[in-house]
Every structure is written in structure tokens, then in C-alpha cells.
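Notes follow once the structure below has been shown.
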């Protein structure tokens with residue numbers, strides 16, 4: 001397996017990853033300000049990037065995604081966990097600069113025109129209650145999670161403010177011209 005990046009890891013140090021954060025905490029491998037490009041990594045350096053509750057803090061999502069695209073190899077997986085736009089957690093933190101919906105990363109597909117950075121959305125799931133795992137429900141949240149993910153566009157359009165999910169998870173694949 002190739003090199004992995006734990007972007008904005010905080011205290012969640014992952015074995016086998018380059019653990020980076022904005023703040024110097026124990027066991028951090030490198031301090032990186034994600035709002036300043038270029039990131040201190042080589043082009044095509046990583047095969048996986050994991051970030052949990054990071055992207056909602058970035059000042060410019062397009063520039064951040066372009067940097068992730070640059071430092072990742074073609075086919076690399078980017079795992080993202082962030083607050084769902086309708087959740088109270090999206091608005092509670094005064095350092096949150098943006099919100100995420102089911103369709104947020106569609107603007108980075110091949111038909112997107114905001115950026116040359118292209119990603120395929122492999123998976124995306126909404127969760128009523130936060131879980132420590134990527135793409136995993138808590139047992140008591142599973143019935144709700146199954147229901148909202150069965151018809152995500154209908155849920156988001158008509159019901160998300162009545163029963164707001166707390167998180168949305170994405171798995172993206174970096175797409176580069178060969």
C-alpha cells in the first residue's frame with residue numbers, strides 16, 4: 001500500500017499515515033496550514049487522504065481540492081467526514097466557513113467547470129448520529145441512516161430540516177489524465 005495522509009488529524013493519530021495538523025500536538029508529523037498553497041508535499045505523493053471535520057474550516061474549498069488533487073496519485077482515495085448542512089453542528093462552530101450537501105462534490109466531476117481538479121464520487125452517505133468510523137452507522141442510527149440514504153435527494157429536498165442528519169461522508173477518487 002502507498003503513502004497515506006491524515007489531514008487535520010488533531011489528536012486522532014493514525015498508524016501508517018503522515019499525520020498533519022495546523023496545531024502542534026503530540027505525535028503530529030508535520031504542521032500544515034491548509035489555507036496556504038502549495039502544501040509541503042510532492043506531486044502525486046499520496047494514495048489515500050483521510051480527513052475528518054477539516055474541510056468545513058477551509059477558506060477556499062476549490063483551492064483545497066486542487067491541492068489534494070495535486071498531491072494525490074491518479075486513483076487515490078480521499079475519505080471525507082464533515083457536518084451535514086442541516087445539522088446544528090454545521091452552524092455551532094464559529095470557525096466553520098462552509099456547509100456540505102449530498103451534491104457538494106459533484107462540482108468536481110468531469111463536467112464541473114470551477115476547477116481542473118477532477119474527482120469521481122465513489123460513495124456518499126448521510127448519518128443521523130456521528131460515528132468514529134468512516135461510512136459506519138451507530139447501531140441505533142441504522143434504521144434512519146438506511147431510510148435517508150435510500151432516497152437521498154428526496155430526503156434533502158423535503159425532510160432534512162425536520163430530521164437533520166449530523167454528518168455526511170464522501171469517498172472520492174482522484175482522476176488525472178494519463
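The values are calculated or read from the model by the stated rules, or taken from the named source; none is laboratory data. Since we're looking at a predicted model, the values are computed, not measured. Cβ coordinates were reconstructed from backbone atoms using ideal geometry, including for glycine residues, and neighbour counts include every protein chain displayed.
Within 22 Å of residue 38 (Cα to Cα), surrounded by fewer than 20 Cβ atoms within 10 Å (Cβ to Cβ) and either in contact with a strand residue (DSSP E or B) (Cβ under 7 Å, 6 or more places away or on another chain) or at pLDDT 95 or above (or both): is that true of residue 116 in this structure? For residue 116, the condition - within 22 Å of residue 38 (Cα to Cα), surrounded by fewer than 20 Cβ atoms within 10 Å (Cβ to Cβ) and either in contact with a strand residue (DSSP E or B) (Cβ under 7 Å, 6 or more places away or on another chain) or at pLDDT 95 or above (or both) - is not met.
Give me the strands (runs of 3 or more DSSP E) completely within the stretch 1-93, filtered to those with at least 1 residues that are free of Cβ contacts under 8 Å to residues at least 24 places away in the same chain and either under 30 Å from residue 163 (Cα atoms) or touching a strand residue (DSSP E or B) at 6+ places or on another chain (Cβ under 9 Å) (or both), ordered by residue number.
It comes to 17-21.
Among the residues making up the stretch 147-163, a single one is under 9 Å from residue 127 (Cα atoms) and either free of Cβ contacts under 8 Å to residues at least 24 places away in the same chain or in contact with a helix residue (DSSP H, G or I) (Cβ under 7 Å, 6 or more places away or on another chain) (or both): 148. The residues of the stretch 94-113 that are in contact with a strand residue (DSSP E or B) (Cβ under 6 Å, 6 or more places away or on another chain) and surrounded by fewer than 19 Cβ atoms within 10 Å (Cβ to Cβ) amount to a single one, 110.
Within the stretch 133-178, which residues are touching a strand residue (DSSP E or B) at 6+ places or on another chain (Cβ under 9 Å) and part of a loop (DSSP other than H, G, I, E, B)? Show your work before the answer.
Within the stretch 133-178, the subset touching a strand residue (DSSP E or B) at 6+ places or on another chain (Cβ under 9 Å) is 134-138, 141, 144-145, 148-149, 152, 155-156, 160, 164-178.
Answer for the stretch 133-178, where residues must be touching a strand residue (DSSP E or B) at 6+ places or on another chain (Cβ under 9 Å) and part of a loop (DSSP other than H, G, I, E, B): 134, 135, 136, 137, 138, 160, 164, 165, 166, 176, 177, 178.
Screening residue 57 with (1) over 23 Å from residue 14 (Cβ atoms); (2) within 13 Å of the chain's Cα centre (by Cα) gives one miss only, at (1).
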